[in-house]
Structure formats: structure tokens, C-alpha cells
Amino acid sequence: MRAPGLLAASWAIARKDLAIEFRTRSAFLSSVVFSLLAIVIFYFAWDPTAVGPLALAPGVLWVTFTFSGLLAMHRSFGVEAADGAIDALLVAPVARESIFLGKALANVVFVAGVQAVSLPAIAIFYNVPLAGAWLPLLGILLLATVGLVAVGTLFASITANTRMAELLLPVLAIPFFVPVVMPAAQATADVLSGRPIAESFAWLRILLAFDLVFVYACTVAYPFTIED
Amino acid sequence: MTTLVAATGLVRTFGARRAVDDVSLALSAGECLALFGPNGAGKTTVLRILAGLLRPSSGEARIGDVRLPDPAARGRVGLISHRSMLYDALTARENVRFAAALHGVPDAEEATVRALAALRVADRADVAVRSLSRGLQQRVAIARAIVHAPDVLLADEPYTGLDAQGGAALTALLRERRAAGAALVVVTHHLHEGLALASHAAVMRAGRFVRFERAEGLDAGRYATEYQELVA
């Protein structure tokens with residue numbers, strides 16, 4: 001018997017997590033409903049005579065994605081805590097980093113699914129033209145989502161076995177989200193305003209650097225968070 | 001004989017409390033240790049150290065020649081806990097197959113079917129775990145623990161929730177694993193069942209082994225009386 005390598009084990013864990021979510025759909029539906037409600041509330045609180053839609057929409061988009069993403073990340077270690085399933089993962093002869101990477105991969109897919117529903121809703125409510133901007137927007141979403149998920153997944157692991165994990169996770173994670181949300185919102189504003197993508201390269205470089213640093217750092221740090 | 005499980009001077013503290021205090025043991029292929037003791041004696045902590053889930057504060061544990069928690073050592077261990085360690089949204093088959101995949105079992109599907117059949121739960125293979133009774137969930141949990149035919153099987157109260165048929169299937173399975181050369185550590189409050197299975201018996205109290213001996217030839221009734229006096 002040969003235990004699977006880092007990527008094969010990560011893929012097996014991600015597939016398992018997605019199968020569970022596909023079977024229950026509870027967290028996905030909650031996140032989608034939360035996103036839509038947030039978009040609607042922002043819409044009704046908006047005074048279009050004071051702030052234009054292109055100035056407001058990027059902020060609404062990233063606030064919504066950040067908080068709905070937290071719901072997904074909280075769920076990812078909740079399924080392991082329920083019946084002590086995390087112990088079976090930890091006994092398996094796979095690198096413990098693969099548990100983090102598998103969870104993060106499943107969370108990226110999950111958050112992307114929520115974004116796929118929420119983005120058209122924002123376009124409709126705020127009359128934002130997506131037609132010419134969808135490709136650069138996709139790049140921004142991907143870069144920012146990877147960064148948010150890396151940090152959020154690590155903190156979800158740390159808080160999973162604490163009381164009030166739902167409260168503790170955002171309190172710990174949101175300060176680390178600022179360096180992602182700020183450039184993501186700025187780049188989104190540039191793209192939605194019809195500016196060439198080259199003008200957003202500085203923001204994209206920040207996102208890329210954050211991704212590289214935090215995916216690596218969180219992967220390496222994860223095994224230390226599960227030591228008793 | 002090959003030593004499969006070796007623990008030397010294990011100490012594990014939680015804050016000021018010494019949950020495990022200088023525990024040493026060695027089990028060779030085909031040997032089974034029945035571990036008895038009152039609640040809070042440190043039995044589960046010893047098992048978690050031997051599974052690679054907990055690092056000892058001092059001392060070391062090895063599976064074969066490899067020191068825990070190295071993945072090569074963990075891969076030879078099967079763990080049955082008093083918690084099911086299953087995903088209740090997945091079916092019995094999916095749970096066991098996932099464990100087989102993580103252990104790199106060559107034909108995961110066939111091994112899954114075999115493990116479920118050994119616990120007489122193959123007819124519920126495609127039922128979501130959450131729809132199974134506690135006893136059937138325990139059978140699936142045991143199937144998950146043995147799907148990779150581990151050299152070392154650690155069982156914490158494995159009879160919890162099992163009916164007579166399930167208990168008999170588990171006893172047969174543990175005997176079969178022993179005969180196949182696996183080393184077993186079984187934590188149980190059932191002295192008769194434990195002694196019937198084991199080659200060695202130990203009693204823990206306050207983190208220490210207070211009695212350790214060969215189990216063959218022991219009078220279970222007399223042992224039970226002495227055990228009550230020991231842990232009183």
C-alpha cells in the first residue's frame with residue numbers, strides 16, 4: 001500500500017467535502033440567501049443621487065463575498081468536528097498539509113459558486129455593465145478568493161473546537177482580509193468603470209503576492225494548529 | 001517475534017494534570033492488550049498517543065521501527081473510537097471508501113465491500129450514515145478502521161452500541177486480525193470480553209499501569225473482584 005501524495009490526498013479531501021455539501025446544500029443555500037439579502041439591504045439603503053452605482057457596487061460586492069465566504073469556511077471544519085471525523089483524517093498516513101489544501105480547494109469552489117449567483121444579482125440591482133468586464137473581473141475574483149480562503153480556512157481550523165466559533169472566526173479573520181478586500185475592490189471599480197486592465201496591475205500584483213505568501217504560510221502553519 | 005507497538009516512558013500532561021504517567025508497553029505481532037480502568041484513568045490518552053493523534057510530553061511511541069506520529073507509522077494503525085468518526089451525510093460505502101483512498105488501498109472498492117461484509121452491514125452500504133442506528137454506525141466505523149488491514153488495531157470501547165450479532169462479528173474480526181499477525185490494544189469496561197480476547201491485560205489508574213500481566217489462564221471472576229479492589 002502506498003499512501004497518496006500531497007495533491008492526490010488534497011483532491012480526495014476536497015471531493016469528499018464537496019460531496020457532503022452537494023448532498024446537504026445547507027451551507028451553500030445559507031450563503032446564497034445571505035448574499036442576496038445583503039445586496040438587497042444595501043440597495044434599499046443606497047441614495048443614488050448621492051453616490052453613483054459604479055462607486056458603490058464594488059464595495060457591496062466585496063463586503064457580500066467576504067461575509068458569505070466566512071459562512072463557507074466555518075462549515076468546512078464543522079463537518080469534521082461533528083463525530084470526531086477529524087481524528088480519522090489525522091490518523092491517515094497523508095501529509096497534514098493536504099487536509100488544509102483539500103479544505104481550501106473545496107472552499108474556493110464553494111465561494112465561487114456563491115459568487116456565480118451573487119454577481120448577476122449585483123449587476124441587476126446596481127445596473128452594472130458586466131458584458132465587457134467579465135474576463136478581467138473573473139481574474140480579480142479568482143485572485144482575491146484564493147487569498148480570502150487561505151486565511152479563512154486556517155482560522156476556521158483554529159476556531160472549530162472553540163465555543164462561539166461563529167463569532168471568533170470573523171473577529172480573527174477579517175483583519176487579515178483587509179489587504180485582499182481593498183485591492184480587490186479597487187481593481188473591481190477600475191474594471192467596472194471601463195478602464196483598461198493595465199491600470200489595475202498594481203492592485204493585481206498585491207493580490208498575487210498575498211496569495212503566494214498566505215497560501216504557503218497557512219499551509220505550513222496548519223499542522224501546528226491541530227496539535228493538542 | 002517482531003515488536004509492532006512499543007511505548008517507552010510515556011508521559012502526557014494537560015496543564016498541571018498528568019493524564020499518563022510513565023507508561024511503557026511492548027506488543028508483538030499477534031498479541032492483544034486488554035486495557036481496563038475507571039473513567040479518567042488515562043486509557044484513551046494512551047490510545048491517542050499510540051494512534052499518533054497526541055504527542056507525549058515525554059517518552060516515545062513507535063509502530064514497528066518508526067516513531068509516531070510519522071505518517072509511515074500512522075498508516076499501519078487502525079483506530080476505533082467511542083465516537084464514530086464518520087460523515088453522516090455520506091453513505092457507509094462512501095465513508096469506508098474515503099478511508100481506503102487516504103490509506104492508498106489498491107482496490108478501494110473491493111476492500112470497502114469486504115470490510116462492510118465482515119461487519120455484516122453490506123446490505124446498508126448505500127444508506128446515508130445519519131439514517132443508520134447507533135449500532136450500525138458503530139459497525140461502519142469499525143469497517144472504516146479495518147479497511148486497510150492495519151498491523152495495529154487500537155479500539156476504544158469498540159462494543160459500544162453493538163447488539164449481540166454486532167458484538168459477535170466484532171469479536172470474530174478481532175480474533176481474525178490477531179491470527180493474521182496484527183497487534184491489538186482494546187480499551188474496555190467489559191472484563192470478561194476483554195480477557196477472552198487478550199494475550200495481556202493491564203489496569204490503569206491515575207495515569208499509571210497498576211497491574212500488567214499475561215491474560216491467558218487468568219480466572220475472569222477472580223480478576224473482576226481484584227480489579228474492583230484495585231480501582232476502588
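The values are calculated or read from the model by the stated rules, or taken from the named source; none is laboratory data. From a predicted model like this one, the values you see are computed outputs, not experimental measurements. Note that each Cβ is placed from the backbone with ideal geometry, even for glycine, and that neighbours are counted across all protein chains shown.
Of all residues being aliphatic (A, V, I, L, M) and farther than 28 Å from B:VAL231 by Cβ in the range B:39-67, which is nearest to the chain's Cα centre (by Cα)? Just the residue, please.
Step by step, filter the range B:39-67, then rank; the result is B:ILE63.
List pairs: first residue in the range B:124-153 and closer than 26 Å to B:GLY104 by Cβ, second residue assigned to a helix (DSSP H, G or I) and polar (S, T, N, Q) anywhere in the structure, Cβ distance under 7 angstrom, at least six positions apart or on different chains.
B:VAL129/B:ASN95; B:VAL129/B:GLN137; B:VAL140/B:ASN95; B:ARG144/B:ASN95; B:VAL147/B:THR112
Do the conditions hold for B:VAL203, that is, is it assigned by TED's automatic domain parsing to the domain that holds B:ALA72, within 25 Å of B:PRO71 (Cα to Cα), buried (at least 16 other Cβ atoms within 10 Å of the Cβ) and in contact (Cβ under 8 Å) with a residue 24 or more places away in the chain?
no
I'd like the residue in the range A:85-127 that is surrounded by fewer than 22 Cβ atoms within 10 Å (Cβ to Cβ) and among the β-branched types (Val, Ile, Thr) and, out of all such residues, is farthest from A:ILE41 (Cα to Cα).
Across the range A:85-127, the extreme among qualifying residues is A:ILE86.
Please enumerate the residues belonging to the range B:65-88 that are more than 7 Å from chain A (Cβ to nearest Cβ) and not acidic (Asp, Glu).
B:VAL66, B:ARG67, B:LEU68, B:PRO69, B:ALA73, B:ARG76, B:GLY78, B:ILE80, B:HIS82
Inside the range A:16-27, can you point out the residues that are of a type in the set (Lys, Arg) and more than 9 Å from chain B (Cβ to nearest Cβ)?
Passing the criteria: only A:ARG25.
Only residues that are surrounded by 14 or more Cβ atoms within 10 Å (Cβ to Cβ), more than 9 Å from every other protein chain (Cβ to nearest Cβ) and either without any contact (Cβ under 8 Å) to a residue 40 or more places away in the chain or under 15 Å from B:PRO71 (Cβ atoms) (or both): list them for the range A:1-14, please.
Selection gives A:LEU6, A:SER10.
Could you tell me whether the range B:109-124 includes any residue that is within 12 Å of chain A (Cβ to nearest Cβ) and not in a helix (DSSP H, G or I)?
no
From the list B:GLY104, B:GLY167, which one is within 27 Å of B:LYS43 (Cβ to Cβ), surrounded by fewer than 22 Cβ atoms within 10 Å (Cβ to Cβ) and outside the structural domain of B:ALA198 (by TED's automatic domain parsing)?
Exactly one residue qualifies, and that residue is B:GLY167.
Scanning for something without any contact (Cβ under 8 Å) to a residue 24 or more places away in the chain and either within 23 Å of B:ALA51 (Cα to Cα) or in contact with a Gly (Cβ under 7 Å, 6 or more places away or on another chain) (or both), does the range B:179-194 turn up at least one residue?
No.
For the range B:61-75, does any single residue satisfy the condition of being closer than 25 Å to B:ALA125 by Cα, buried (at least 22 other Cβ atoms within 10 Å of the Cβ) and either modelled with pLDDT under 95 or of a type in the set (Asp, Glu) (or both)?
yes
Yes or no: B:THR91 within 19 Å of B:VAL231 (Cβ to Cβ) and either in contact with a Ser or Thr (Cβ under 8 Å, 6 or more places away or on another chain) or facing chain A (nearest Cβ under 10 Å) (or both)?
No; evaluated as a whole, the condition is false for this residue.
Please go through the range A:61-105 and give me each residue that is at pLDDT 95 or above, in contact with a Ser or Thr (Cβ under 7 Å, 6 or more places away or on another chain) and within 14 Å of chain B (Cβ to nearest Cβ), ordered by number.
A:GLU97, A:SER98, A:LEU101, A:GLY102, A:LYS103
Any chance the range A:30-38 includes a residue that's without any contact (Cβ under 8 Å) to a residue 60 or more places away in the chain and closer than 27 Å to A:ALA88 by Cβ?
Checked against the condition, which is being without any contact (Cβ under 8 Å) to a residue 60 or more places away in the chain and closer than 27 Å to A:ALA88 by Cβ, the range A:30-38 yields at least one hit.
So for the range B:215-225 (the condition being in contact (Cβ under 8 Å) with a residue 40 or more places away in the chain and not in a helix (DSSP H, G or I)), does at least one residue qualify?
Looking for residues that are in contact (Cβ under 8 Å) with a residue 40 or more places away in the chain and not in a helix (DSSP H, G or I), one finds at least one in the range B:215-225, hence yes.
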